[in-house]
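S.K.: Before I ask anything, here is the structure I am working with.
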Amino acid sequence: MEIVPGVHDIRVIGATVHLLVEDELTLIDAGRRGSGTHVARYIETLGRPMSDLTRIVCTHGHPDHIGGVAEIVAASGATVHMHPADAERLRIGVRDVLARPSPGPLIALLTRPLSDPQPIGEGDVLPPLGGLRVIHTPGHTPGSVCLYAPARRILFSGDALQFRRGRLSRPHLIFSDDMAEARRSVARLAALEVDVICFGHYAPLRSGVGGALHELLESWA
């Protein structure tokens, strides 16, 4: 479905991914393994070949966001981008997990690492949407990033934000590494000029975005 001109959301296995449609196609996240078929079918409905997909940007390293990367790359030849902190985290060993027995390291241990992703970090700007700025927003994972298009006032939040029961809410407590750091990251997002938030698992928020972000911060003890 087209959210705003040139920005489409695609429901895949375990998540919602976002396709940026320009001369080149850019995919934000990739869903769980098996999601490549959903992406390919959607691109086909646009009358575009998979070879037009030139980049996949991963907001973080959880399996519902990167599981489909390998199959989509195989079909398109796209370049994959991820923050180094999450790329490294995916190479965690059993001893590291036993040293810190919590959901984040365990999820990383059970997730297949990506093959040589290109690093992205704070302040990097990718070409789509007149300049798509990378904002490092750790907390949900060490290498979580959000993507912000200031020219279009659109924020792609990955799992740094949720929208539950009709309200903007914090990332999932159980599956997040550091909620204090997550709040600091959301405070940075609240300083942006945003009209639309595109989430990793929910329909986009199109109205009252600034107020919703500030309300979330005030209620987040």
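S.K.: Over the range 56-153, what percent of the accessible surface lies on carbon and sulfur atoms, probe 1.4 Å?
M.R.: Carbon and sulfur atoms account for 57 percent of the accessible area of the range 56-153.
S.K.: Sticking with this structure for a sec: Determine, from the Cβ-Cβ distance of ARG153 and ALA99 and an R0 of 45 Å, the FRET efficiency 1/(1 + (r/R0)^6), rounded to the nearest 0.05.
M.R.: 0.55
S.K.: Also, quick follow-up: Largest first, how would ARG55, ARG91 line up by accessible area (1.4 Å probe)?
M.R.: Ranked list, largest accessible area first: ARG91, ARG55.
S.K.: Hey, of (1) 8, 32, 36, 18, 7, 1; (2) 8, 36, 38, 16, 2, 0; (3) 7, 28, 29, 19, 10, 4, 1, 1, 0, 0, which did the structure itself give for P(r) over Cα pairs in 10 Å bins from 0, in percent when calculated?
M.R.: Correct label is (2).
S.K.: Now, a different point. Heavy-atom accessible area per residue, the chain, 1.4 Å probe: how many Å²?
M.R.: Heavy-atom SASA per residue in the chain reads 45 Å².
S.K.: Still on this model: Running a GNM on the chain with Cα contacts under 10 Å, which residue among GLY104, GLY93, GLY139 ends up with the highest mean-square fluctuation?
M.R.: Of GLY104, GLY93, GLY139, the most mobile in the Gaussian network model is GLY93.
S.K.: A further question follows. For the chain, what is the mean residue ellipticity at 222 nm derived from helices alone (per DSSP H run of n ≥ 4: -39500 (n - 2.57); sum divided by total residues; nearest 500 deg cm²/dmol)?
M.R.: My calculation for the chain gives -8000 deg cm²/dmol from helical runs alone.
The values are calculated or read from the model by the stated rules, or taken from the named source; none is laboratory data. Quick caveat: nothing in here was measured; it's all calculated off a predicted structure. Because the Cβ atoms are built from the backbone with ideal geometry, glycine has one as well, and the counts that use them run over all protein chains shown. Ligands, DNA and RNA are stripped out before the accessible areas are found, and what is left, the full protein with its side chains, is counted by its heavy atoms. Shrake-Rupley method; radii C 1.70, N 1.55, O 1.52, S 1.80 Å.
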